[in-house]
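Worksheet for the structure shown next.
The values are calculated or read from the model by the stated rules, or taken from the named source; none is laboratory data. Because the structure is predicted, anything quoted here is derived from the model rather than measured. Cβ placement follows ideal geometry from the backbone for every residue including glycine, while neighbour counts extend to all protein chains displayed. These accessible areas exclude ligands, DNA and RNA; they are computed on the full protein's heavy atoms, side chains included. Shrake-Rupley method; radii C 1.70, N 1.55, O 1.52, S 1.80 Å.
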Amino acid sequence: MKIDVIALFPEIIIPALQVSILKRAQEAGHLTINVHNLRDFATGRHQSVDDYPYGGGAGMILKPEPLFAAVRALSPGPDARVIFLTPQGKPCTQRIAEALSLESHIILICGRYKGIDERVRQKLVTDEISIGDYVLSGGEIPALVLIDTIGRVLPGVLGDYESAQDDSFSQHLLDHPHYTRPADFEGMKVPEVLLTGHHEKISRWKYEESLRRTGTRRPDLLENIELTEEDTDFLNASCTNGSI
């Protein structure tokens, strides 16, 4: 998979691509990431990429010329998905990350200042994605978030592919609690079922704890899954016992 990033401040992004999972993904050939400075596609002596908005108002707007030049240079054909990172976009979810991981080429446009010329959105952008209902200084950090969510679900990137499939939101549920050694720490003990080696019971415990945690913290997510009668009884009992 190939990801091109167009940014005014590439130095925000590049260091994060050189460590941990994303570094290994690139070294193993699962992922190719190129970060491009928008100014490299600007013309004129000053390589200006922004200008005042028509109609007045505060802030500067990224000009269409360098963005059009960048996208056309990186994807001469119509094959790439061109994603604009913006708080006006569709909220990023695990499902979106998994869908995008099936693409062969993605171009990420990082906004800056007040926004980008609307003609870029009309002509070039295929998707608009937001990482939350808040405003950041630019799209570089959202681009990193999206790259990380996509990269870690690519087959072969994580040592154990099932690890990504069991993450929170992958099955519409939050992840269950995790424990490691020691089994008793300052009087706080690991649940006995996890020490039994009984795989079926452990699997059921993990699922029920995911249900319990989702019901507690994100009950809206339960609307996306088909609960069995047993699941419903468990959740009702948890509520009755004050666990939720």
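Test of understanding: among L154, L102, L158, which residue is among the hydrophobic types (A, V, I, L, M, F, W, C), over 19 Å from H36 (Cα atoms) and without any contact (Cβ under 8 Å) to a residue 40 or more places away in the chain?
L102
So, in the range 185-217, how many residues would count as being among the hydrophobic types (A, V, I, L, M, F, W, C) and open to solvent by less than 70 Å² (accessible area, probe 1.4 Å)?
6
Within the range 96-108, take every residue that is open to solvent by 30 Å² or more (accessible area, probe 1.4 Å) and not in a helix (DSSP H, G or I) and give me the one that is farthest from S48 (Cα to Cα).
Ranking the qualifying residues of the range 96-108, first place goes to L102.
Taking T214, is it assigned to a helix (DSSP H, G or I) and touching a residue at least 40 places away in the same chain (Cβ under 8 Å)?
The answer is yes for T214.
Taking the range 135-153 only, how many residues are open to solvent by less than 70 Å² (accessible area, probe 1.4 Å) and either at pLDDT below 95 or in a helix (DSSP H, G or I) (or both)?
13
Can you report the number of residues in the range 36-95 which are open to solvent by 70 Å² or more (accessible area, probe 1.4 Å), in a loop (DSSP other than H, G, I, E, B) and in contact (Cβ under 8 Å) with a residue 40 or more places away in the chain?
Within the range 36-95, residues that are open to solvent by 70 Å² or more (accessible area, probe 1.4 Å), in a loop (DSSP other than H, G, I, E, B) and in contact (Cβ under 8 Å) with a residue 40 or more places away in the chain number 1.
For G132, which of the numbered conditions (1) within 15 Å of the chain's Cα centre (by Cα); (2) surrounded by fewer than 13 Cβ atoms within 10 Å (Cβ to Cβ); (3) assigned to a strand (DSSP E or B) fails to hold?
(3)
For D160, are the conditions met, namely being at negative phi, open to solvent by less than 70 Å² (accessible area, probe 1.4 Å), among the acidic types (D, E) and at pLDDT below 90?
It is false that D160 is at negative phi, open to solvent by less than 70 Å² (accessible area, probe 1.4 Å), among the acidic types (D, E) and at pLDDT below 90.
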